[in-house]
Each structure stands twice: as C-alpha cells, then as structure tokens.
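These notes concern the structure reproduced below.
The values are calculated or read from the model by the stated rules, or taken from the named source; none is laboratory data. What you are looking at is a predicted structure, and each value in this text was computed from that prediction instead of being measured. Counting neighbours? That spans all protein chains shown, and the Cβs are built from the backbone with ideal geometry, glycine included. Surface accessibility is based on the protein's heavy atoms, side chains included, excluding ligands, DNA and RNA. Shrake-Rupley method; radii C 1.70, N 1.55, O 1.52, S 1.80 Å.
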Amino acid sequence: MQDYLFFALKRLVQLAAVVFAGVSAAFVVAHYSPISPVETIIGRVAGQSTFSPTAIESLRQTLNELFGLNAPLHEQFINFWVRFLQGDLGPSLIAFPTPAMTLVMLALPWTVGLLTVQIIVAWLIGNILGGLAGYYQNNRFLKAFGVMAIGIQPIPYYIVAFLMVIIFGFLWPVLPISGGFAMNVRPSFTPEFILSVLRHAILPITSLILVGIGTWFLGMRALVSNIVTEDYVTYAELAGVDRDKIVYSYVMRNAMVPQLTALAMALGGIFSGTIITEQVFSYPGLGTLLIRAVNGGDSTLVLAVSSVAVIAVASAIFIIDLIHPLLDPRVKVG
Amino acid sequence: MFKVVADLIRYNIEFTIGVILLTIVIVFALLSFFSPYSPEMIYVVIPDQPPSAQYWFGTNSRGQDLFWNLSFAFRNTLFFGLTVAVLSRIISITVGLLAGYLGGWVDRGLMFFNDIFVAIPIFPILILFYFVLRSDLDTFRLALIMACLGWPFDARLIRSVAIGLRSREFTRHAVFAGMSPSRIMFQEHLPYVMPIVFSTAMANMIWSIGFEVTLGVLGFTNINIPTVGTTIYWANNHSAMVVGTWWWIIIPVTLIVMTFLGLFLLAISMNEYIDPRSRLRRMGG
C-alpha cells in the first residue's frame, strides 16, 4: 500500500509538471501574440462613435490596468499563475465582459461527454473484436472487419467527419449535422431536450468511434496473435479449457494492460481529434469555442481553452496511470 | 536492400498495395514540375467545369485547373510530411539512443521531458502558434513546429531497443576496445534501430499530414500556398458541395485517403517485417 501511495505521489508530481509546462508555454506564446486585447476593444468601442483622443487614451490606461499589462513580464507571469489557480483568466473578448473561464466551463461538459463515450465504446469494442480476431484467425467476419479497420484507421478525424457531413448532410439527410441540440428546445431536463441532445451526438460520436476503433482493434489483434503462441495457451487448449474462457480470461486479460498504457499515450491525440470533430459538426464544445476565439482574435479565451485542454488531458492520463497497477499486479509500483 | 523490398512485395500484399498507392500519389505530385500554370494564378481557365478530356479533374470556382493545382498541393503536402519526418527522426534518434545507452539521470531527465510532450494535446498548441504567427505560419515553419512536437513516441521506442542493445556482447567489446560512447551509439547501435526509424517515419507522416490538412481546412495556415488542406478550404469557402462542384471536394479527399492508406500499409507491413515471428507465420514457416 505504501508503495502504491509513493507511486501515486510520483505521478502527481509529474502531473503538476506537465500542467505547469503546458500552461506556461501557452502563456508565453499568447503573450507574444501581435493581437493586443486592449487595442481590439478600443477598436470595437471607438468604431461605433467618435471619442476625443484623451478619452481613448484614458480608456487604454484603464484597460491596460484591467488586463494587468503594465507590470513587467515576470510579474505578469506570477500574477497569471496566482489568478489561474483561482480559476480566473480575465474577461473574454468575443463575449466581453463574460469571464473566459465561464465560457470554457459551459463548453467543457460537451467535450468531456463526447470524449468519454467515444473512448469507452471504441476501446471496448475494438479490444474485444481485436482479441477475438487474434485468437480465431480464420473467422471471415473478423477478417473483413480487420480490412475495414486498416482502411479507415489512417484517415484523419477531420476527413472522416467531413465525409459524414457530406453523406448525412447532402446525400441522405436523416440526422442533424450541426449543433448540440435543436434550436427550438430549451436546455432543461425534459425528455424532449435529452432526445435532441442524443440525436445530435450520433454523428460526431460515430465518426470519432470509426477512427478510434481501428487503433485498438489492430493493436489488440497483434498482441493476441503473439500471446496465442505461448506455451500456457497451448497447454490450456490441450487440457480442454473452454475456448471462450481461454480468450477472455487467459489471453485478453494479459493483453489488456499494454492496451491501457496505449490509451494513456494516445489520449492527447484523441482529445485533439475530438475538438476537431466538434468543429466540423459545430458541436458546442471546446473545439468550436477555440476556433471562434481564434477567429475573433480573443487571446484570453484561446489561452483559457488551451490551458484547460492541457489540464484535462494530463488529469485523464493521471487517472489511467493510477488504475494501472490495480489491474496488473505485475506492474512494478514505485 | 533490394532483396528485402522484393521479398516484401512477394509475400506481403499490404506492402504491395501500399507501394502502388504511394507511387500513384508521388508521380502525380511530381507532375507539378511540368505544370503549364503557376499555382498562385487564379482565373486562368473557365471556372466550374466538370471533369472532361480537357480538364481531367475539372476546374474550380477560382478558375484553376484542378489537376495541376492539386499536383502542386500534393507536392507541398508530401514535402511537408517528409520534412517533419526527417527532422523529428533526428530528434527521436538522438534522444532515444542517448537515454537508452547512457541511462541514469540522462535517461530520467530525457524521459521526464518525453512524458510532458506525450501528455500535451497538440491541436490547441498548434492553434496557439497560428494565433501568434498568423500568415507567417508557412509550410516550413509549421514543419519545424510539428517536428518539435512529433518525436516523443518514437524516442521511447528507440530507447527501449537501445536498452536491449546496451547489454549485448558486442557493446561490451566496443567499450573495452576503447570506442567512444558517441561512436558506439551512432555507428554500432544506429543500424539496429533503423528499421524502426523507417516504419515510424511512415506513421509520423500520417500524423503530421493529418494535422496539416486539418489546419489548412480551417484556414489556419497560409491559405495562398496550395496544399491539400487549403484546397479543401477554398472548396468549402466557395460552398462546393452546395453549388454542385463536387469534384473539387471528392477528388482531393480521394487522393489524400489514398496517401494515408498507402503510408499506413507500408508502416504496418514494415512493422511485421521487423517482427520475425509474424514474418515466419506469413511465409508459412
């Protein structure tokens, strides 16, 4: 138990380092952006009516203070971290003066929802089918599935989502291709709203699963087809152990652990894919928010989305790492 | 080398298909050197012509001959993928061999960095770079950024092989013979990791071209340089599917899918070739 706590602590330090590095990098990059938030607001305000130069100058002073831009860089950096830890990144520009964090928090559940459902479904189905395909190597259906997985897996998320939009938007319009729910229902806990959310989630989730499933299928098949040549499997077969039992408890159980590691490694990529897919379907998650922020020149919001993305992915990897030794007693803790 | 390729073509159907697909795409990209039009020129032919004997891939709403325009796009995109692959290979080989051979605190330090890079979601970071660089984000700069982000997985793989090599007999002989660590790493160990380097290079190209296409489609690169991404960007910009100029979308998407499929098939068949167990199984041994 003490070993496990030490292991968890080590991972926690690593998590903190990842978050610190990622968020600091985002801060530095955003700091050197040529688009000044102050000038953007002034442009917007002054564009609507005429102001005296002194009024604009004092507005600039006030805004500089509001954004804390008068301080030297290292002080800004410390201030940024202090306020970041309090969950405050300043006002967004595209929805001024709503805090950027509020917008991010509104978008986050949609992304997390897509991500979780997609990962669980793709990982489970991909691994189970892959395991079966590795064990029963002459099964026609599983062979065909393998060919399909090889065909779809290398295509990037964007292209698959895009093809889905073309098919279901133009050729066979049966499912909604944009938004998180229909325009005419109010967000509330009514069956109508929930049904609408589910209907809108079908296409994005399907497109994500289509891309994701191949990775797990191919990985599992390769792992299992190596494991079945091990002596203990031959022994179990000769001893007349039930085939299903061999596949599920003897073979796949062993291959599960590397696949879990692979999931932790692939999570950053899956997250990127999810927010790309969101953008294609105008799904109201982080991806769409990020693109809107970039197009609106909103550096605060871009920074907020990137930081939350880094934290979300790093924490998810942390959780998977913690489950790891519980699933596999052979993993050395510490 | 030629014998290996000949063997692969004979015994490995995936490799053969991959080679055919990629050859088509590469030849198509190389045709751009004979293009009668400059890729920046617009309204040089009649817009919105469907594919015909005169315009094989049709023309787009910007008055470009899609055949030649796409061949430039593929040349740029493939060149981009190749640049990222080469640069990131250099980083991953260096990091992987150093960490694997030297071990100790060098290994721990490098792997700590490695884990940070693995955990960072790349897409928001790339968007952030676009946000700062705007139209200065040309193909080469994007390639540099992608190369700096694309090495950690493969460095880890190379490291695990290098750890195995360190305890081998010949390494000990080399050490006793007074070979310097850098010569051991780059003369003795490097040839052993080369097969992995090639197969991961393919996977790396899929990854980098995938991001290039995505950023291009969103308009987050220099949209005046023809790449596969920017071609689809302009098609979307002119609502190609709604207007009915479907060839403007379908043809680039088909070709890019062929590219990805080709690269992927090469990568997995090479992986199989590296693993002798699966190679024997395939040859019926």
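A compact table of results
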| item | result |
| --- | --- |
| Carbon plus sulfur fraction of accessible area for chain A, probe 1.4 Å, in percent | 68 |
| Rounded to the nearest 10 Å², the accessible area of residue B:68 at probe 1.4 Å | 50 |
| Gap separating the Cα centres of segment A:228-243 and segment B:99-161, nearest whole Å | 43 |
| For chain A, calculated [θ]222 nm from helices alone, where every DSSP H run of n ≥ 4 adds -39500 (n - 2.57) | -24500 deg cm²/dmol |
| Rough spin-label spacing in nm, given labels placed 7 Å along Cα→Cβ, for residue A:226 and residue A:86 | 5.2 |
| Eligible aspartates and glutamates near residue A:10 by straight Cα distance, threshold 15 Å, same-chain separation 8 or greater | A:321, B:115 |
| Backbone HN-Hα couplings from phi across segment B:177-186 [Karplus 6.51/-1.76/1.60, Hz, Gly and Pro as x] | 6, x, 6, 6, x, 5, 6, 4, 4, 8 |
| Within a Gaussian network of chain B (alpha carbon springs, distance under 10 Å), most fluctuating of B:47, B:124, B:226 | B:124 |
| The protein assembly as shown, dipole about Cα centre (Lys/Arg Cβ +1, Asp/Glu Cβ -1), debye to the nearest 20 | 1060 |
| Solvent exposure of the protein assembly as shown as accessible area per residue, Å², 1.4 Å probe | 47 |
| Segment B:15-282 - charge dipole about Cα centre, Lys and Arg +1 at Cβ, Asp and Glu -1, debye rounded to 20 | 840 |
| Relative packing of peptides A:279-287, A:57-65 - highest average C-beta neighbours within 10 Å first | A:279-287, A:57-65 |
| Centre separation in Å (Cα based) which lies between segment A:291-331 and segment A:140-212 | 23 |
| Candidates B:223, B:125, B:209, ranked by Gaussian network fluctuation over chain B, Cα under 10 Å, top entry | B:125 |
| Residue with peak Gaussian network fluctuation, chain A [Cα springs, cutoff 10 Å], from A:217, A:80, A:170 | A:170 |
| Amide H within-cut-off set for residue B:59, under 5 Å, with H built and near neighbours excluded | B:48, B:49, B:66 |
| Sum of side-chain charges, residue B:248 neighbourhood, beta-carbon under 10 Å (Lys, Arg +1; Asp, Glu -1) | 0 |
| Extent along principal axes [Cα atoms of segment B:133-227; Å; largest to smallest] | 58, 21, 17 |
| Nearest-ten-degree value, helix A:100-135 long axis tilted from longest Cα axis of chain A | 10 |
| Centroid-to-centroid separation of segment A:1-70 and segment B:1-50 [C-alpha atoms, Å] | 45 |
| Rounded to whole Hz, the Karplus (6.51, -1.76, 1.60) HN-Hα couplings of segment B:233-245, x for glycine and proline | 4, 5, 4, 5, 4, 9, 6, 4, 5, 6, 6, x, 8 |
| Selection from A:275, A:300, A:214 lying farthest towards where the dipole of the protein assembly as shown points positive, charges on Cβ | A:214 |
| Accessible surface, 1.4 Å probe, highest first, among residues A:3, A:298 | A:3, A:298 |
